[in-house]
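First the structure, in the form of structure tokens, and then the observations on it.
Throughout, read-outs are computed from the coordinates displayed, never taken from laboratory work. In this text the structure is predicted, and so the values were computed from the model without any measurement. A quick note on method: Cβ atoms are made from the backbone with ideal geometry, for glycine too, and the neighbour counts reach across all protein chains shown.
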């Protein structure tokens, strides 16, 4: 029986952790790119379950993937600002740096050395089959080595910290499978250096819709940012795609964007009342959009207030990230020493 109050994603992750050992001693690793403002899809799919787990497991490692962001980032100053913004977002949402190792990826340069060792056992064909590379080049990104070798760097991220469990969305499941393949090939070639991480699939990440009904994603420009100004947040919700059902008629609840966005933030009774009201008819979509705005705006209020307080002390945020980086690097150095010894490299 898992603790009451955990999201379904956190419960799912604990179930996976329990299959590989004691849930309170397992290491959970996850990362997120600083590619823009955090949105509701990021929060409910990755951030919220990750934050919930920090009180349930003793080994949470979460990082901001600024090296990975270089495959699509623009100016350097913009990247630096996005890293700090994402750190503020996580902290405002409840991440506790005393319980969790929270760091920026670039604070641990050892990841590149490990990626080089892993490259020696990574077949080109394995990388050529990766969906992410094909999808991104099809959307116009340059077909460079960084984009092609992205899964090897991701494998190094995971293996460097001896991760037991890695929460991933459906779109990144293949990368975790590639990580396991690479680790197994390395172990077969050089000895048992790496443990094989288990995936925990985040179903909700793929199903929380954006403003247009597609998966909420920065790529589709259909996101609801967690900390956007009130006027902008309200305007986006009022622009939600709905059908032409008359005001007096019952509203379809199957596939409703309003209900999909309300469900993760509403209590059970509140959500049930909203469903019943839509099924009864007599109210227009404009009323329901206003109700959704009030629900989400109030839900995010404590986080907005905490973020504003944290933003007033950027030096503390930088110090916190630096301390997390030092902790992560301590763990990474041990793993890298094993890998160096295995391949015959001496310090």
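Per-structure values
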item	result
Angle in degrees between helix 285-299 and the longest Cα principal axis of the chain, rounded to the nearest 10	50
Cα-derived Rg to Rh of the stretch 62-109, Kirkwood definition	0.99
Three principal axis lengths of the stretch 228-299 [C-alpha, angstrom, descending]	33, 26, 18
Evaluated at q = 0.06, 0.13, 0.15 Å⁻¹: base-10 log I(q)/I(0), Debye formula over Cα of the chain	-0.24, -1.06, -1.34
Residue 98 paired with residue 238, simple spin-label distance in nm, labels 7 Å along Cα-to-beta-carbon	4.3
Net lengthening on full extension, residue 346/residue 315 (0.36 nm per residue, minus Cα-Cα)	7.4 nm
Whole-number Å³ per residue for the convex hull built on Cα positions in the stretch 147-267	157
Potential lengthening between residue 333 and residue 294 on full extension [0.36 nm per residue; Cα-Cα distance subtracted]	9.2 nm
Virtual spin-label span in nm between residue 306 and residue 188, 7 Å along Cα→Cβ	4.6
Sorted peptide list for 84-94, 271-281, criterion being average Cβ within 10 angstrom, highest first	84-94, 271-281
For the chain, calculated [θ]222 nm from helices alone, where every DSSP H run of n ≥ 4 adds -39500 (n - 2.57)	-16000 deg cm²/dmol
Nearest-ten-degree value, helix 314-343 long axis tilted from longest Cα axis of the chain	40
The stretch 31-117 pair-distance distribution - Cα-Cα, 5 Å bins, rounded %	3, 14, 24, 23, 18, 12, 5, 1
Once the Cα gyration tensor of the stretch 235-347 is diagonalised, semi-axes √(5λ) in Å	50, 20, 12
Taking the stretch 228-299 and dividing mean pair separation by its residue count, relative contact order in percent (alpha carbons under 8 Å, at least six apart)	45
Angle in degrees between helix 301-311 and the longest Cα principal axis of the chain, rounded to the nearest 10	50
Directionally averaged projected area (convex hull, Cα atoms, the stretch 218-258), nm²	4.0
The chain: antiparallel DSSP beta bridges as a percent of all, rounded to 5	10
Estimated inter-spin distance, residue 230 and residue 272, nm [label 7 Å along Cα→Cβ]	3.2
Whole-angstrom gap from the stretch 239-268 to the stretch 44-100, using each part's C-alpha centre	31
Cα-Cα pairs of the stretch 87-133 separated by more than 18 Å (percent)	58
Cα principal axis extents for the stretch 97-196, largest first, Å	41, 35, 25
